[in-house]
1. Going by what's in this entry, would Met44 be described as at pLDDT 95 or above and either crowded, with 18+ Cβ neighbours inside 10 Å or in the same structural domain as Val7 (by TED's automatic domain parsing) (or both)?
2. Which one of the conditions (1) in contact with a strand residue (DSSP E or B) (Cβ under 6 Å, 6 or more places away or on another chain); (2) assigned by TED's automatic domain parsing to the domain that holds Glu108 does Ile29 fail to meet, given that it meets all the rest?
3. Quick one: is Lys62 on the phi > 0 side of the Ramachandran plot, of a type in the set (D, E, K, R) and over 13 Å from the mean Cα position of the chain (by Cα)?
4. With the structure loaded, tell me whether Glu79 is closer than 25 Å to Glu125 by Cα and either exposed (fewer than 14 other Cβ atoms within 10 Å of the Cβ) or of a type in the set (Lys, Arg) (or both) or whether it fails that test.
5. Hey, which of the strands (runs of 3 or more DSSP E) in region 45-133, taking only ones fully inside, have at least 1 residues that are under 25 Å from Val7 (Cα atoms)?
6. Scan region 115-131 and tell me whether some residue there is surrounded by fewer than 14 Cβ atoms within 10 Å (Cβ to Cβ), in contact (Cβ under 8 Å) with a residue 12 or more places away in the chain, more than 18 Å from Leu42 (Cβ to Cβ) and within 14 Å of the chain's Cα centre (by Cα).
Amino acid sequence: MAELKHVNMEFSIPFRGVGKNNNGYRVEIDEGDNCAEPYDLLLMSLGSCLYSTFEDIILKKKMGYEKLNLDISGEKRTETPTTLKYCKIVFKMKSSNKNQEAFKKSLELACKYCSIYNTLALVAEMHSEILFV
């Protein structure tokens, strides 16, 4: 049986909301300065799903790293519906492991198996890369 996910969201006018998951975690949603906008949440969802998939792969390969930063940018279409047009994901990695090709292959596999990445790839041009810093 498929895993069922559930969140609850409350909104008010002007656009302001809060999302809560079943564990009680809250996310403020707004178009203001101190909250996440809907596309911010979309890109963060992509990043967390892609990273989780990537981590599973490198742990199976018994690989590790010292530091990893994900930088994700996306461009929305101007025509309605304003779906995602382009998305770029950059993994900035510091690792003592000299096998950079193994990390690159792990990212390719993560993109192949990440469900959110593949969902967005139906409407957007997707690009991912690893930079070693």
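1. Numbers: at pLDDT 95 or above: yes; either crowded, with 18+ Cβ neighbours inside 10 Å or in the same structural domain as Val7 (by TED's automatic domain parsing) (or both): no.
Answer is no for this residue.
2. (2)
3. Values: on the phi > 0 side of the Ramachandran plot: yes; of a type in the set (D, E, K, R): yes; over 13 Å from the mean Cα position of the chain (by Cα): yes.
Yes; evaluated as a whole, the condition is true for this residue.
4. Values: closer than 25 Å to Glu125 by Cα: yes; either exposed (fewer than 14 other Cβ atoms within 10 Å of the Cβ) or of a type in the set (Lys, Arg) (or both): yes.
Considered against the rule, which asks whether it is closer than 25 Å to Glu125 by Cα and either exposed (fewer than 14 other Cβ atoms within 10 Å of the Cβ) or of a type in the set (Lys, Arg) (or both), Glu79 comes out as yes.
5. Working: elements: 67-76, 84-94, 125-132.
Fully inside region 45-133 and qualifying: 67-76, 84-94.
6. Kept after step one, since they are surrounded by fewer than 14 Cβ atoms within 10 Å (Cβ to Cβ), are these residues of region 115-131: 115, 118-119, 122-123, 125, 127, 129, 131.
If we keep only those that are in contact (Cβ under 8 Å) with a residue 12 or more places away in the chain too, we end up with 115, 123, 125, 127, 129, 131.
Next, from what is left, pick out any that are more than 18 Å from Leu42 (Cβ to Cβ): 129, 131.
Those still in the list that are within 14 Å of the chain's Cα centre (by Cα) too: 129.
So far as region 115-131 goes, yes, one or more of its residues are surrounded by fewer than 14 Cβ atoms within 10 Å (Cβ to Cβ), in contact (Cβ under 8 Å) with a residue 12 or more places away in the chain, more than 18 Å from Leu42 (Cβ to Cβ) and within 14 Å of the chain's Cα centre (by Cα).
The values are calculated or read from the model by the stated rules, or taken from the named source; none is laboratory data. Just so we're clear, the structure is a prediction, and the values are computed from it rather than from any experiment. Because the Cβ atoms are built from the backbone with ideal geometry, glycine has one as well, and the counts that use them run over all protein chains shown.
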